[in-house]
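The values are calculated or read from the model by the stated rules, or taken from the named source; none is laboratory data. Predicted model, so just to flag it, every value in this text is computed and none were measured. Virtual Cβ from ideal backbone geometry, glycine too; neighbours counted across all protein chains shown.
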Amino acid sequence: MMQSMKAVLVDYDDDLFDISPAALRYMRETLATAGATLHVAQCRTEESTLRLAADADLVMIQSVRPLLNARVIPQLARCRGIIRLGLGYDSVDLVAATAAGIPVSNVVDWCTDEVAEHAIALLFACARHLAPLHETVSDGGWDRTRARGIHRLRGQTLGIVGFGRIGRAVGQRMSAFGVKVLAYDPWLDAEAIARAGAEKAELHDLLRRADLISLHTPLTPETHHLIGHREFALMKEGAIIVNTSRGPVMDEAALAEALWSGRLGGAGLDVMEREPLPADSPLRGMPNVTFTTHVASYSAEAVETLYRFGADIAAEMLAGRWVRTIINPEVKERLAARWAQPGVSAKTRRNGW
């Protein structure tokens, strides 16, 4: 009898991303069809992660804790795939995974509407001064002067940094309000961006022209502090910036300086460089900053979709198929060397594994 493969989910955020019984049943049944049993745990250390995953054929992680790092990944001797159950993949060491010959996938399409809607909610909250106006009433006052500086959205320009699924969804929705949309994305040409209803712009041009800016780029070494002192200096006076991607894409010290100086009109932040936001952060208490707690991707429906899509990808990877969501495609060279080794079956080669 063929030995069952082992799939593990090493960690998930149980405060918001609990796995429902229905989703867990779907995951178990889907992986069983691929010949694997599913093991679920809440690992909080590298040691506990390795105890669960060292002999696993596939490893999944939902949380953003960096448990799958350069110390852990080389010890995953049987691993044929890692899945980050989410969009961002900065919590998985791609360099280590590629060196170990392990493809890494994320999960797409599961929260596009949620993040787009949340980004727009933050844009509106900042543009209409909702947080300070709420605060004045909540504190027992009625200070209508806090509405000063509000401008009509129609005719303004929105700059979207990162024009993937979510960026496009934001642009399409905001176009309905009469807003002109600029998009910066080095991976897309002007024609592709125009088809989605936006104008392609280089980053510095976008920053100079936009009244509203929304960040939708993954966190990579190239995008760390993509928006810093120099970029804030280019922005229009009174511009509003919203971040629902990853905190370190923006230099928070530079952001605080731009807000305090009056250069920026406001900021909407669902993500921060350090989470939770430190008590001594200069951003705390600023009347022109609206915060949420890294929840842009959340809805009850999105959580169900995340685990179901993740299980589908896991089954494909365990079957030896090259899934479209692989984010380190350069690993194919490592895999090609593995295919050429003696003892690799013809079936394995046909499956592309």
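Values for this structure:
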{"quantity": "Contacts under 9 angstrom Cβ, first residue in segment 37-50 being in contact (Cβ under 8 Å) with a residue 24 or more places away in the chain, partner of a type in the set (Phe, Trp, Tyr) and surrounded by 15 or more Cβ atoms within 10 Å (Cβ to Cβ), 6 or more apart", "calculated": "Val40/Tyr12; Gln42/Tyr12"}
{"quantity": "Test: residue in segment 116-136 that is more than 13 Å from the chain's Cα centre (by Cα), modelled with pLDDT of 95 or more and over 22 Å from Thr292 (Cβ atoms)", "calculated": "no"}
{"quantity": "Any hit, segment 239-248, residues being within 14 Å of the chain's Cα centre (by Cα), over 14 Å from Gly159 (Cβ atoms), part of a helix (DSSP H, G or I) and not polar (S, T, N, Q)", "calculated": "yes"}
{"quantity": "Out of Glu231, Glu257, Glu275, sole residue that is modelled with pLDDT of 95 or more and assigned to a loop (DSSP other than H, G, I, E, B)", "calculated": "Glu275"}
{"quantity": "Every residue from segment 268-308 that is among the charged types (D, E, K, R), surrounded by 16 or more Cβ atoms within 10 Å (Cβ to Cβ) and over 16 Å from Val242 (Cα atoms)", "calculated": "Glu304, Arg308"}
{"quantity": "Search result, residues across segment 61-96 that are more than 19 Å from the chain's Cα centre (by Cα) and either surrounded by 21 or more Cβ atoms within 10 Å (Cβ to Cβ) or not basic (Lys, Arg) (or both)", "calculated": "Ala70, Val72, Ile73, Pro74, Gln75, Leu76, Ala77, Cys79, Gly81, Ala96"}
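Yes or no, residue by residue, for (1) within 14 Å of Gly310 (Cα to Cα); (2) not in a loop (DSSP other than H, G, I, E, B):
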{"position": "Val8", "(1), (2)": "yes, yes"}
{"position": "Asp14", "(1), (2)": "no, no"}
{"position": "Phe17", "(1), (2)": "yes, no"}
{"position": "Leu24", "(1), (2)": "yes, yes"}
{"position": "Glu29", "(1), (2)": "yes, yes"}
{"position": "Leu38", "(1), (2)": "yes, yes"}
{"position": "Cys43", "(1), (2)": "no, no"}
{"position": "Ser48", "(1), (2)": "no, yes"}
